[in-house]
Amino acid sequence: MDSSIKNKIDLEEKILTAHQNNDGVKLAELYAKAAYTTSNLNKACFFMVNAYTLALECNHPDTLSFFQFLQKYDREK
């Protein structure tokens with residue numbers, strides 16, 4: 001199996017586990033990782049919206065950087 005496909009599957013499994021555990025901090029970090037690792041800008045912004053929303057809910061220390069990512073791509077004003 002291609003390592004990029006394996007990494008994607010591993011990340012998806014980690015996201016599902018974090019959802020099951022209601023772990024907002026971990027979810028914010030995993031969605032941000034998904035945003036930073038995809039080559040598709042629309043997908044990256046979709047993932048980052050999730051990361052940012054979760055970060056706001058749990059007062060994550062990277063909230064500002066997630067917001068700046070969205071601003072950079074005109075997804076947040």
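General remarks:
- Springs between Cα atoms under 10 Å define the GNM used for the chain, and in it the highest mean-square fluctuation of A51, A18, A34 occurs at A18.
- Solvent exposure of region 32-77 as accessible area per residue, Å², 1.4 Å probe: 66 Å²
- Rounded to the nearest 500, the 222 nm mean residue ellipticity of the chain from helices alone is -25500 deg cm²/dmol, with -39,500 (n - 2.57) taken per DSSP H run of at least 4 residues.
- Kyte-Doolittle mean at least 1.0, axial Cα span of 15 Å or more - DSSP H helices of the chain: none
- For the chain, the carbon plus sulfur part of the accessible surface works out to 52%, probe radius 1.4 Å.
- FRET efficiency, 1/(1 + (r/R0)^6) with R0 25 Å, evaluated for D62 and S3 via beta carbons: 0.45
- Taking the Kirkwood radius as Rh and the Cα radius of gyration as Rg, the chain has a ratio of Rg/Rh equal to 0.99.
The values are calculated or read from the model by the stated rules, or taken from the named source; none is laboratory data. Quick caveat, the model's predicted, so the values are computed rather than measured. For neighbour counting, all protein chains shown are included, and Cβ atoms are generated from backbone atoms with ideal geometry for every residue, glycine included. Areas reflect the complete protein model, heavy atoms only, side chains present, ligands, DNA and RNA absent. Shrake-Rupley method; radii C 1.70, N 1.55, O 1.52, S 1.80 Å.
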